[in-house]
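Asks: Shown below is the structure under consideration.
The values are calculated or read from the model by the stated rules, or taken from the named source; none is laboratory data. Values in this document were obtained by computation on a predicted structure and should not be read as measured data. When we count neighbours, we look across all protein chains shown, and the Cβ atoms used for this are built from the backbone with ideal geometry, even at glycine. With ligands, DNA and RNA removed, areas are computed over all heavy atoms of the protein, side chains included. Shrake-Rupley method; radii C 1.70, N 1.55, O 1.52, S 1.80 Å.
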Amino acid sequence: MTVVELAVYAVALGAAAAAVWRRPVTALYLFVVGLALHNAVMAALYAAGVRGTTLTAITAWKEILLAVALLRVATAAVRERRLPFRPGPPDWLALAFAALAVAYALVPQSALGGAAGTKAVALGLRHDLVPVAAFFLGRSLRLGRPDLRRLGWALLGTAGLVAAAGLVDVYAVSISWWRTNGVVAYFHDHLGYDYHGTGVNPSVAGLPENFVYNVGGDRPFLRRLVSTFLSPLASSYLFVVALVGAAAVVRRRRWPVLAVGALCAAGLLWTFTRSALLALAVGLVVLALLRRRPHELGAAVAVVAVALAWAHVFPHVGPTGTWTRADLVYQHRIAEQRPGASNAAASVNESSLREHWSSLRQGVRTVLDHPQGYGLGNVGQTASRTNTPLLAGESNYTELGTELGVLGALLWVGWLLALLAALVRAGRTDRWAAAMAAAFAAIAALAIQTDVIGDPWVAYCVWGIGGSLALVGPRPAETRLEERLAAAPRTS
């Protein structure tokens with residue numbers, strides 16, 4: 001059976017690679033759609049019996065297509081004897097950050113005080129380099145407006161479908177199906193995550209804790225929209241990007257955009273990710289300032305008001321589920337270890353909020369106490385997957401500072417700011433660039449309390465599309481000419 005599976009995968013991957021080699025921009029379309037479905041498909045394959053190295057090979061489709069696309073643009077650059085873009089500050093900062101990550105991967109962990117093994121270092125290096133590689137792919141594509149429009153609509157359509165599927169799931173699919181459909185085993189046995197959410201035996205392994213929201217006591221929990229990402233956080237990131245995109249282009253094709261926007265707004269609310277709502281407000285502020293429409297700042301204020309109100313409303317209207325007996329035993333044991341924590345969503349002592357800020361403070365302290373960094377693989381998801389002692393988590397900024405030292409954190413922040421500035425510059429004359437500038441600002445805000453680049457969709461799509469829209473110099477005249485020629489009617 002393994003041979004058949006690998007043969008089918010090889011044919012599909014070969015066809016995708018050929019399409020990417022012919023037109024590297026195809027990789028961005030595949031990432032936008034494919035990475036939204038990735039976790040659901042891989043969990044389904046695991047449940048169907050595809051395991052071990054076979055499934056690992058299949059999950060590598062995204063890295064393989066990114067490598068093919070980069071090889072294609074590099075080959076074209078060598079043939080033409082010139083770079084496909086004019087380097088600027090974002091490019092040099094990205095290269096410096098990548099070079100530092102590679103250097104830290106080569107330094108022995110014992111010299112830095114880290115405890116990560118070879119696998120953890122490799123995973124950490126991939127985590128840090130994927131956004132850089134996706135960014136340079138985007139920078140190399142020289143996309144015209146037709147491709148930008150198609151990419152934008154592909155993103156909006158994907159977000160609408162993910163939201164619709166998630167909303168149907170939380171009301172039509174029981175939580176017991178999720179406990180037994182292979183997702184627990186996929187996360188725990190294949191990916192190595194140590195989740196202890198609701199499940200058959202959460203003291204050993206369960207669903208990710210954030211699949212549900214615990215309202216306290218033995219009362220039914222609230223279901224959160226996880227959809228095809230199998231994560232409320234990853235789903236919310238897509239919805240935030242889609243919503244600022246919809247806000248940027250709503251004046252064109254108003255009704256389709258409003259319909260998708262309404263679906264994404266509902267999806268975002270049902271993920272019950274309050275930080276994503278606040279990040280959306282940040283993105284809308286950037287969009288209003290870029291378009292020089294101060295009255296649109298009211299949309300950001302409205303989002304903040306909705307975020308505050310939703311914390312009170314969702315516990316009364318959200319879909320619910322019940323704990324198993326084993327769940328309750330485990331929950332009581334955890335509650336005894338965390339006295340004083342609140343489960344009220346609007347409370348400043350709410351357990352999730354308190355853990356986020358505690359982790360952020362501890363991460364900052366770790367960076368300041370050990371400014372040279374501990375090396376790759378000692379933080380976040382990578383440490384969790386490889387049983388490495390966790391030295392920092394949650395925030396991209398503190399994770400990278402803990403791995404790569406103060407210099408690595410400064411390079412990362414400098415790159416983010418330079419890329420945001422390039423997107424803002426492009427966004428003054430291009431609505432899709434304005435949307436990506438707003439989305440990028442929102443993602444940068446989310447990175448304060450979460451590992452956004454640990455979500456492959458963000459790492460590949462936001463950085464890839466962001467790179468394609470970043471304006472470091474003037475928009476090439478030949479691109480504009482090509483667009484005019486393509487739009488002109490043909491005569492015989």
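Asks: Quick check on ARG425: is it at pLDDT below 90, open to solvent by 10 Å² or more (accessible area, probe 1.4 Å), in a helix (DSSP H, G or I) and among the basic types (Lys, Arg)?
Replies: On the way: at pLDDT below 90: no; open to solvent by 10 Å² or more (accessible area, probe 1.4 Å): yes; in a helix (DSSP H, G or I): yes; among the basic types (Lys, Arg): yes.
In short, no.
Asks: How many of the residues in the range 173-184 are of a type outside the set (Phe, Trp, Tyr) and surrounded by fewer than 17 Cβ atoms within 10 Å (Cβ to Cβ)?
Replies: Selection size over the range 173-184: 5.
Asks: Follow-up question, since we're still on this one. TYR171 versus (1) at pLDDT 90 or above; (2) assigned to a helix (DSSP H, G or I); (3) more than 30 Å from THR53 (Cβ to Cβ); (4) touching a Gly at 6+ places or on another chain (Cβ under 8 Å): which is the lone unmet condition?
Replies: Checking TYR171 against (1) at pLDDT 90 or above; (2) assigned to a helix (DSSP H, G or I); (3) more than 30 Å from THR53 (Cβ to Cβ); (4) touching a Gly at 6+ places or on another chain (Cβ under 8 Å), the one that fails is (4).
Asks: Just checking, which of LEU230, LEU238, LEU191, LEU243 is under 30 Å from VAL303 (Cβ atoms), open to solvent by 10 Å² or more (accessible area, probe 1.4 Å) and within 19 Å of the chain's Cα centre (by Cα)? Give the derivation first.
Replies: Values: LEU230 fails: open to solvent by 10 Å² or more (accessible area, probe 1.4 Å); LEU238 fails: open to solvent by 10 Å² or more (accessible area, probe 1.4 Å); LEU191 fails: under 30 Å from VAL303 (Cβ atoms).
When all the criteria are applied, what remains is LEU243.
Asks: In addition: Look at the range 377-420 and say how many of its residues are open to solvent by less than 50 Å² (accessible area, probe 1.4 Å) and over 27 Å from SER110 (Cβ atoms).
Replies: Summing the residues that are open to solvent by less than 50 Å² (accessible area, probe 1.4 Å) and over 27 Å from SER110 (Cβ atoms) in the range 377-420 gives 6.
Asks: Just to be sure I understand, how many residues within the range 287-307 are open to solvent by 30 Å² or more (accessible area, probe 1.4 Å) and touching a residue at least 12 places away in the same chain (Cβ under 8 Å)?
Replies: Within the range 287-307, the first condition is being open to solvent by 30 Å² or more (accessible area, probe 1.4 Å), and the residues that meet it are 289, 291-299, 301-302, 304-306.
With touching a residue at least 12 places away in the same chain (Cβ under 8 Å) added as a condition, the list becomes 291, 296-297, 299, 301, 304, 306.
Within the range 287-307, residues that are open to solvent by 30 Å² or more (accessible area, probe 1.4 Å) and touching a residue at least 12 places away in the same chain (Cβ under 8 Å) number 7.
Asks: Could you check ASN210 against (1) closer than 23 Å to TYR330 by Cα; (2) open to solvent by 40 Å² or more (accessible area, probe 1.4 Å); (3) over 20 Å from the mean Cα position of the chain (by Cα) and say which number it fails?
Replies: (3)
Asks: Sticking with this structure for a sec: Restricting attention to the range 20-44, which residues are buried (at least 16 other Cβ atoms within 10 Å of the Cβ) and farther than 17 Å from ALA154 by Cα?
Replies: TRP21, ASN39, ALA40, MET42, ALA43
Asks: Which of (1) touching a residue at least 40 places away in the same chain (Cβ under 8 Å); (2) within 17 Å of VAL452 (Cβ to Cβ); (3) within 18 Å of the chain's Cα centre (by Cα) is the odd one out, the single condition LEU277 does not satisfy?
Replies: Here LEU277 meets the rest and fails (1).
Asks: May I ask you to verify whether VAL170 is open to solvent by less than 10 Å² (accessible area, probe 1.4 Å) and within 27 Å of VAL32 (Cα to Cα)?
Replies: Working: open to solvent by less than 10 Å² (accessible area, probe 1.4 Å): yes; within 27 Å of VAL32 (Cα to Cα): yes.
Yes: the conditions hold for VAL170.
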